[in-house]
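Okay, structure first, notes after.
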Amino acid sequence: MSAIRLTIVGAAGRMGQELLQCIREDPRFAVSGLVVEPQSPLTGTPPPWPTSVNYLEDLDQAVIDADCILDFSAPQVIDTLARIVADRKLPLVCGTTGLAVAQLDTLRQAARLAPVFYSPNMSLGIQVMSRLVDLAVRLLGPDFDVEVTECHHRLKKDAPSGTALRLQQAIADARRTVPRALGSTELPETEPQIPVHALRGGDIPGDHTVHLMGLGERIEIIHRATSRRVFAIGALKVARWLVGRPPAFYTMADLFVA
């Protein structure tokens, strides 16, 4: 089987560089394009190892030979990326965080014509954590208070993180399955939002903790990423899974079901 050719959008960033290293070490993949932001000093230069691929600013040109696109860039790229994915019917693995509702809708529109996979966190462990949180919230019930904390490196732009917001939503969804007064399964209108606390500092790749606090006891469900490599490995696993699938909007839940 020939190597899967990947175009990386956001190739100059931390995740882009981690992906490049992982691809270099894995013969199942090859680099077909490297996209950097406008006026990047890397434009027109190759990575620091033998390759015929240079860093480019033109996304259309960078995807010409691609089997799949990996996007870890910035929200402002989404509209252009969605257009290219839809026009060329190219699979897209998007891990860019901080997307607005309208930008997610744009990806869903593109997913009518091409397979699109979106997750703000490509760690497989986070998916397991989300399921553990769902189980804990449902079993412990409304008597336990639940809050989320997340820690990331000082240069991370969005706060709270996309993963923390995903955990917040998982908690809210689970609470709706917990019987309330008079057998109601709906959250009361006065139900407070699940608090999310964001910390920024150092070089932390990503820590997420869900605190479940009752009277006389508490449970903490924690995921710690010690290296960005775990996100790159997860993204490549997703790319292998996505290539050849029909157009649809996929998430980590689909990957685990399969």
Query - Amide H within-cut-off set for D71, under 5 Å, with H built and near neighbours excluded - result: V9, V93, C94, G95
Requested in this report: Apply 1/(1 + (r/R0)^6) to the Cβ-Cβ distance of E57 and K237, taking R0 = 35 Å, and write down the FRET efficiency to the nearest 0.05.
Outcome: 0.75
Report task. Report the semi-axes of the equivalent ellipsoid for the stretch 50-107 in whole Å, largest first, where each axis is √(5λ) for an eigenvalue λ of the Cα gyration tensor. Result -> 21, 13, 10
Query raised in the report: Got a number for carbon plus sulfur as a percent of the stretch 44-91's accessible area, 1.4 Å probe?
Result: 49
Query raised in the report: So what does the Cα-only Debye profile of the chain read at q = 0.09, 0.13 Å⁻¹, as log10 I(q)/I(0), no solvent term?
Result: -0.44, -0.85
Query - C-alpha long axis of helix 124-140 to longest principal axis of the chain, angle in ° - result: 10
Report task. Using 0.36 nm per residue of separation minus the Cα-Cα distance, give me the extension gain between R24 and V128 in nm, one decimal. Result -> 34.6 nm
Query raised in the report: Stretched out fully, how many nm does the piece from Q169 to S2 gain, at 0.36 nm a residue minus the Cα gap?
Result: 56.2 nm
Query raised in the report: Once the Cβ-Cβ distance between R154 and R245 is put in as r, and R0 is 25 Å, what FRET efficiency do you end up with, to the nearest 0.05?
Result: 0.10
Requested in this report: Sort out for me the Cα centre separation of the stretch 237-255 from the stretch 13-49, rounded to whole Å.
Outcome: 22
**Report entry** Solvent exposure of the stretch 1-110 as accessible area per residue, Å², 1.4 Å probe
**Finding:** 48
Report summary line: Protection proxy (average C-beta count within 10 Å per residue), highest first, orders 75-84, 101-110 as 75-84, 101-110
Report task. State the dimensionless ratio Rg/Rh of the stretch 77-228 (Rg: radius of gyration of Cα atoms; Rh: Kirkwood radius). Result -> 1.03
**Report entry** Stretch gain in nm, segment Q193-E147, where the contour uses 0.36 nm per residue and the Cα spacing is subtracted
**Finding:** 15.6 nm
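The values are calculated or read from the model by the stated rules, or taken from the named source; none is laboratory data. Computed from a predicted structure; not experimentally measured. Please note: Cβ atoms are built from the backbone with ideal geometry, for glycine as well, and neighbour counts cover all protein chains shown. Ligands, DNA and RNA are stripped out before the accessible areas are found, and what is left, the full protein with its side chains, is counted by its heavy atoms. Shrake-Rupley method; radii C 1.70, N 1.55, O 1.52, S 1.80 Å.
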